[in-house]
Amino acid sequence: MQHKASEAPTQSPRLKNAVCPFCSLLCDDLVLTPNADGSFKTAAGACHNASKAYLRAPSAPAPTLNGNPATFDDAFAALAKLIKRSSRPHFGGLATDVNGMRQIIRCAERSNASLDHAHGEIMAATTELLQSRGYYATTLSEVRNRCDLALIFDVDFAARYTNFLKRCTRPKQSLSGPIAKRRETLFIGSNERSPFDGGDKKELSIDVRRGEIDDFALLLLGALRRKTGTGALAKKAQEVVAKIRDAAYVTLVWAPGQVSESPLALGWTLADVVHEINATGRGALLTLGGDDGGQTAQNVSAWTTGYPNRIAFNRGSIDYAPKLNATRRLLEHQAIDALVWVDSFGRGLKIPPGNVPTVVIGRQKPHRPHDIYIPVGVPTIDHDADLVRTDSSVTLRGRALRDSELPSVAKVFSEVMARL
């Protein structure tokens, strides 16, 4: 099989209600206008990250073997050969869609490989929270339609999840209009990060320095348990608790990947806060994360193996070891002899350094030569794709928006499997 770049990609007419793959909110209401170079202009309402990503013109570089141009068939054969001769290959990055992840797991099972997503450290911490403590979780739709008090813990909306407020706390329509109208949203964190300008009395900021977020959460928990602390921070916590007691449905929103200290420690405290709220009222925790196909990787792994990320196949058995199967740790301890790095969304996920044969299956050509490089299309843009949203409650299908001669990640691994 051979692919070559097309001179002028043919644009698909399906330009409304496009699914954006560039953060785990998976906004599915984008309106796109095709440009002559195959890129897209986004209509008003798209976040700045999406607008920038869609403006990237498509490219169809040739695969390379040791820095030299090659055909796709040669690259598939070389990857299959590398996997065959490896005693312990590792598949990292895992930035792909549902079908891509399914094929990766099939290949990993046959080759006794280990798996870890690029955001595996953060996802392992939130998984540990669920396994060891458990918590009441909610969804984007629940926040949009039923929550009347949202407490947002220092989420940097300028960096990620920009449209969360528009879609969930400021919706134009909801199943229950009165709740949306009376909803109060508190941003708890540094004023530098606050998305609120003070113009809306229902959107307030409580200035808490980044290093004090954990302390504030503990003070909030104490105040709910009627233990009065001292100092300015404790007073702020008591003010928030007064609002909690008046609310019918409270949601605590956080992004573990943006926590400056231990996400597990803060998550544990927030889970305790929610538990305390539910003693007399109703509360839930909403976790924002799983970008670059992370939530998809977690869910597909759980569906097919019974375990989340960071697993290793071993002659038919599965070893789930979140600490041992981390990509960086495996490279540092020379516990693997080949790294296959998957990054189909083109956000430039950094490959951990290591002295092993490296394969890059990605959207952008690597800056340094690798043993094998295979370019692929972007899910929901260059090919149809299913992705799992940040709250794990919805899997969304995005349709291809342009003709592309680049294979999908699923196609790459199915071709490799045929050669193993």
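The values are calculated or read from the model by the stated rules, or taken from the named source; none is laboratory data. Just so it is clear, the structure is predicted and the values come from calculations on it, not from any experiment. Here Cβ is always computed from backbone atoms with ideal geometry, including for glycine, and neighbour counts include all displayed protein chains. Only protein heavy atoms, including side chains, enter the accessible area calculation; ligands, DNA and RNA are left aside. Shrake-Rupley method; radii C 1.70, N 1.55, O 1.52, S 1.80 Å.
Structure notes:
- Acute angle (nearest 10 degrees) that the helix 98-111 long axis makes with the longest principal axis of the chain, alpha-carbon atoms: 60
- Degrees between helix 232-246 axis and first principal axis of the chain (Cα, 0 to 90, nearest 10): 90
- Computed on segment 321-420, with alpha-carbon pairs under 8 angstrom and 6+ residues apart, the relative contact order is 19 percent.
- Computed Kirkwood radius, in angstrom, where 1/r is averaged over Cα pairs of segment 195-317: 16.8
- Three-way shape label, segment 168-212, alpha-carbon gyration tensor, a/c 1.5: prolate
- Pairwise label distance in nanometres, Ser262 with Thr33, each label 7 Å out on the Cα-Cβ vector: 5.2
- For segment 39-129, relative contact order (Cα pairs under 8 Å, six or more residues apart, normalised by length) works out to 19 percent.
- Its residue count N fixes a reference of 2.2 N^0.38 Å for segment 123-229, and the Cα radius of gyration divided by that reference is 1.17.
- Between Asp197 and Asp403, the distance separating the two model label sites (each 7 Å from Cα on the Cα→Cβ line) works out to 4.6 nm.
- Globularity ratio of segment 1-160, using Cα Rg and 2.2 N^0.38 Å: 1.36
- Dipole size of segment 199-303 about its Cα centre, with +1 on Lys/Arg Cβ and -1 on Asp/Glu Cβ: approximately 540 debye, rounded to the nearest 20.
- Accessible surface, segment 33-165, averaged per residue in Å² (probe 1.4 Å): 40
- In sequence order, segment 135-143 has phi-based couplings of 6, 7, 10, 9, 10, 4, 5, 4, 4 Hz under the Karplus curve 6.51 cos²θ - 1.76 cosθ + 1.60, θ = phi - 60°, and Gly or Pro positions carry x.
- Net lengthening on full extension, Ser132/Ala44 (0.36 nm per residue, minus Cα-Cα): 27.4 nm
- Taking every protein chain into account, the accessible area of segment 304-368 amounts to 52 square angstrom per residue (probe 1.4 Å).
- Nitroxide proxy distance, nm - points 7 Å out along Cα→Cβ at Asn66 and Lys16: 5.4
- Within segment 245-342, percent of DSSP bridges classed antiparallel, to nearest 5: 45
- Size of electric dipole in the chain: Cβ of Lys, Arg +1 and of Asp, Glu -1, about Cα centre, debye, nearest 20: 480
- Working note: Cα atoms of the chain, range along each principal axis, descending, whole Å: 67, 48, 32.
- The apolar share of the surface of the chain, taken as the fraction of accessible area on carbon and sulfur atoms (1.4 Å probe, ligands and nucleic acids excluded), comes to 48 percent.
- Nearest 10 degrees, 0 to 90: helix 72-85 Cα axis against the chain principal axis: 80
- Among Gly45, Gly293, Gly120: highest mean-square fluctuation, GNM of the chain, C-alpha pairs under 10 Å: Gly45
- Cross-link pairs Lys166/Lys243; Lys84/Lys323; Lys52/Lys350; Lys201/Lys350; Lys84/Lys350; Lys52/Lys235 - those with Cα-Cα distance over 30 Å: Lys201/Lys350; Lys52/Lys235
- Our coupling estimate for segment 113-129, obtained by passing each phi through the Karplus curve with A = 6.51, B = -1.76, C = 1.60 and θ = phi - 60°, is 9, 9, 9, 7, 6, 4, 9, x, 5, 5, 5, 5, 5, 6, 5, 4, 4 Hz, Gly and Pro reported as x.
- Computed over the chain with a Gaussian network model linking Cα atoms closer than 10 Å, the most mobile of Ala217, Ala237, Ala279 is Ala279.
- Gln334-Ala158 FRET efficiency (beta carbon distance; Förster radius 51 Å; 0.05 resolution): 0.80
- Sequence-distant contacts, meaning Cα pairs under 8 Å at least 6 residues apart, place the relative contact order of the chain at 25 percent.
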